[in-house]
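Visitor: Quick one: the structure is below, and I'll ask about it shortly.
The values are calculated or read from the model by the stated rules, or taken from the named source; none is laboratory data. Note that this is a predicted model, so its numbers are computed, not measured. Backbone-built Cβ (ideal geometry, glycine too); neighbour counts: all protein chains shown.
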Amino acid sequence: MHCSPSRRDFLKTSLAAGMISPHLLFADSCTTTERPRVAVVLTWMVDRSHAHVLLESFLNPVLFNGELVDPGVEIVSMYVDQFPEGRDMSRDVAKEYEIPIYDTIRGALCQGGKTLDVDAVLCIGEHGDYPDTKYGIDKYPRKEWFDECVGIMKESGRVVPYFNDKHFSYRWDWAREMYDTAQEIGLPFMAGSSVPLAQRKPDITIKPGTELVEAISIHGGPIERYDFHGAEVLQSMIEFRKGGETGISKLEVLKDEELLNAGKAGRFSWDLYESAIKAELGEVPETFGTIPGEGTHPTHGIFLEYKDGLKATILRIGASSIRWDFAWREKNDPAPKATYFYPGPWNNRNLFKALAHAIQTHFRQKQAPYPIERTLLTTGITEAAVTSYYENVALETPHLEIAYEPRDFTAMRERGKSWDILTEDLTSEKGLYDPRVLFDSTN
């Protein structure tokens, strides 16, 4: 069984052009001959925003593991919350792809009617001009939009798969409510980061049932928005340890000199830090916290104590938006193991190709490829880390003692074959990138 053609009929046009016939894969595991109709609810769409880099792999073929993949879904409506003057892309994209933009979320989900008239909802609540919390964290309206969408589903007597970009909310109580609501109504719910799906260099993993002692995740971005990605990298690896995930009992954030002193005192294993950063850079910087060519920036570390005794640390080092390093130590093998989550060319833009493919699979199969509890936990880590960072306190976190079993998501990961085709020397184009240009009749 294969999926029917998309709006742009890219299979027909590509075959006619002699471009991709040897390379096209139909979207895998379609559960129906009908393509799920998707409503998109987004904050704003500007160049390199999440809406931009996600939707380019919904409205064109996805380049995934070296193949062009039919998305297998149809975007049929959009709600756009903000249209920044001189920067908005959404109106031009909607016109080109013949997608109506509705004034309300209800309009988009009901396609102008009175009841739910789509088969999935893609919520991209990232970027845009929104108020801040007292700690300077963006109050993105993910929870409010989730509530409105779920309300429409309840009224219509039907639930459809839902994807929430990044973490649930800046508030823990709201995040927990979103999870509980999804469980109560049987909502196929997916959320999370793009980074766990990136190519790993080297391509190693933690085998299910491995006994772990310690793990370190390193990123190069600011508090909260990049801490979340660092937590997702961490959880996507360690959740496969013996006993599965048990949750976190205590969390503390240390900064700058305190962090350095904690490292020297053994609060985190220095050789794990060195192994993780070396996986990315090929060497260990002379000065902790300073990466050559990146200037001087604040450092911080999130220290996590898991219920089962595992010790883990999330470090912010330097100022690279593509720093996604990870290292761990196993109980029966003291030698550190490490890998770098490589995003592909064009900084983080191409990370979203694998994520788009995973979301599309979720919409078709009506099941997330990995547990939603992972992102519930990383949402809690992120929210608690903000409090610890600004209040300078260690926190007991019984609310984060969240246990769950992992699921193998290898099929959703980019393994690097795409970067043999879309190479570092190619120029990152504005607009919605169509990877068919990479496949000509000579391939």
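Visitor: Hey, does the stretch 342-365 have a residue that's more than 16 Å from the chain's Cα centre (by Cα) and of a type in the set (Gly, Ala, Ser)?
Guide: No, that holds for no residue.
Visitor: Which members of the stretch 403-430 meet the condition of being more than 30 Å from THR375 (Cβ to Cβ) and either of a type outside the set (S, T, N, Q) or in the same structural domain as MET89 (by TED's automatic domain parsing) (or both)?
Guide: ASP420, ILE421, GLU424, ASP425, LEU426, GLU429, LYS430
Visitor: Quick one: would you say GLU232 is farther than 20 Å from LYS166 by Cβ and either among the charged types (D, E, K, R) or part of a loop (DSSP other than H, G, I, E, B) (or both)?
Guide: No; evaluated as a whole, the condition is false for this residue.
Visitor: Which one is surrounded by the fewest Cβ atoms within 10 Å (Cβ to Cβ) among residues in the stretch 366-399 that are farther than 18 Å from ILE302 by Cβ and over 15 Å from the mean Cα position of the chain (by Cα)?
Guide: The qualifying residue surrounded by the fewest Cβ atoms within 10 Å (Cβ to Cβ) is GLN367.
Visitor: Do you know which residues across the stretch 150-168 are in contact with a helix residue (DSSP H, G or I) (Cβ under 9 Å, 6 or more places away or on another chain), outside any strand (DSSP E or B) and not small (Gly, Ala, Ser)?
Guide: Residues satisfying the conditions are VAL150, ILE152, MET153, LYS154, VAL159, VAL160, PRO161, HIS167, PHE168.
Visitor: Can we say LEU355 is in a strand (DSSP E or B), buried (at least 24 other Cβ atoms within 10 Å of the Cβ) and not hydroxyl-bearing (Ser, Thr, Tyr)?
Guide: Criteria not met by LEU355.
Visitor: Just checking, does the stretch 121-130 include any residue being among the aliphatic types (A, V, I, L, M), outside any strand (DSSP E or B), touching a residue at least 24 places away in the same chain (Cβ under 8 Å) and not assigned by TED's automatic domain parsing to the domain that holds HIS229?
Guide: No, the conditions are met nowhere in the stretch 121-130.
Visitor: In the set LYS139, LYS143, which member is touching an Asp or Glu at 6+ places or on another chain (Cβ under 7 Å) and in the same structural domain as TYR79 (by TED's automatic domain parsing)?
Guide: Testing whether each residue is touching an Asp or Glu at 6+ places or on another chain (Cβ under 7 Å) and in the same structural domain as TYR79 (by TED's automatic domain parsing) leaves just LYS139.
Visitor: Filter the stretch 412-443 down to residues that are β-branched (Val, Ile, Thr) and touching a residue at least 24 places away in the same chain (Cβ under 8 Å) and give me whichever is surrounded by the most Cβ atoms within 10 Å (Cβ to Cβ).
Guide: Only one residue tops the list, namely ILE421.
Visitor: In the stretch 169-189, which residues are over 19 Å from the mean Cα position of the chain (by Cα) and not in a helix (DSSP H, G or I)?
Guide: Passing the criteria: GLY186, LEU187.
Visitor: Specify the residue that is nearest to GLY380 (Cα to Cα); the eligible residues are those in the stretch 268-310 that are part of a loop (DSSP other than H, G, I, E, B) and among the β-branched types (Val, Ile, Thr).
Guide: Restricting to residues being part of a loop (DSSP other than H, G, I, E, B) and among the β-branched types (Val, Ile, Thr), the top hit is THR299.
Visitor: Another question, then. Please go through the stretch 247-299 and pick out each residue that is polar (S, T, N, Q) and under 30 Å from TYR404 (Cβ atoms).
Guide: Selection gives SER249, SER269, SER275.
Visitor: Pick from the stretch 199-233 the residues that are of a type in the set (A, V, I, L, M) and over 26 Å from THR133 (Cα atoms): which of them is surrounded by the fewest Cβ atoms within 10 Å (Cβ to Cβ)?
Guide: That would be ILE204.
Visitor: Something else now. Find the residue count for the stretch 80-98, including only residues that are without any contact (Cβ under 8 Å) to a residue 40 or more places away in the chain, surrounded by 16 or more Cβ atoms within 10 Å (Cβ to Cβ) and part of a helix (DSSP H, G or I).
Guide: 1
Visitor: Of all residues in the stretch 402-411 being touching a strand residue (DSSP E or B) at 6+ places or on another chain (Cβ under 9 Å) and surrounded by 14 or more Cβ atoms within 10 Å (Cβ to Cβ), which is nearest to PHE64 (Cα to Cα)?
Guide: PRO406
Visitor: Out of all the residues in the stretch 334-345, which are modelled with pLDDT of 95 or more, surrounded by fewer than 19 Cβ atoms within 10 Å (Cβ to Cβ) and over 14 Å from GLN199 (Cα atoms)?
Guide: Passing the criteria: only ALA335.
Visitor: Looking only at the stretch 236-252, decide whether some residue is among the hydroxyl-bearing types (Ser, Thr, Tyr) and not in a loop (DSSP other than H, G, I, E, B).
Guide: yes
Visitor: Here's a follow-up. If I ask for residues that are more than 22 Å from GLU305 (Cα to Cα) and either not assigned by TED's automatic domain parsing to the domain that holds THR299 or not small (Gly, Ala, Ser) (or both), which ones from the stretch 199-221 would you list?
Guide: GLN199, ARG200, LYS201, PRO202, ASP203, ILE204
Visitor: Enumerate the pairs (first residue in the stretch 42-61 and in the same structural domain as ALA354 (by TED's automatic domain parsing) and surrounded by fewer than 24 Cβ atoms within 10 Å (Cβ to Cβ); second residue anywhere and assigned to a loop (DSSP other than H, G, I, E, B) and acidic (Asp, Glu)) with beta-carbon separation below 6 Å, excluding pairs fewer than 6 apart on the same chain, so at least 6 apart or on different chains.
Guide: HIS50/GLU126; ASN60/ASP434
Visitor: Which of the residues spanning the stretch 239-253 are within 21 Å of GLU383 (Cα to Cα) and in contact with a Ser or Thr (Cβ under 9 Å, 6 or more places away or on another chain)?
Guide: Listed by number, the residues that qualify are GLY247, ILE248, SER249, LYS250, LEU251, GLU252, VAL253.
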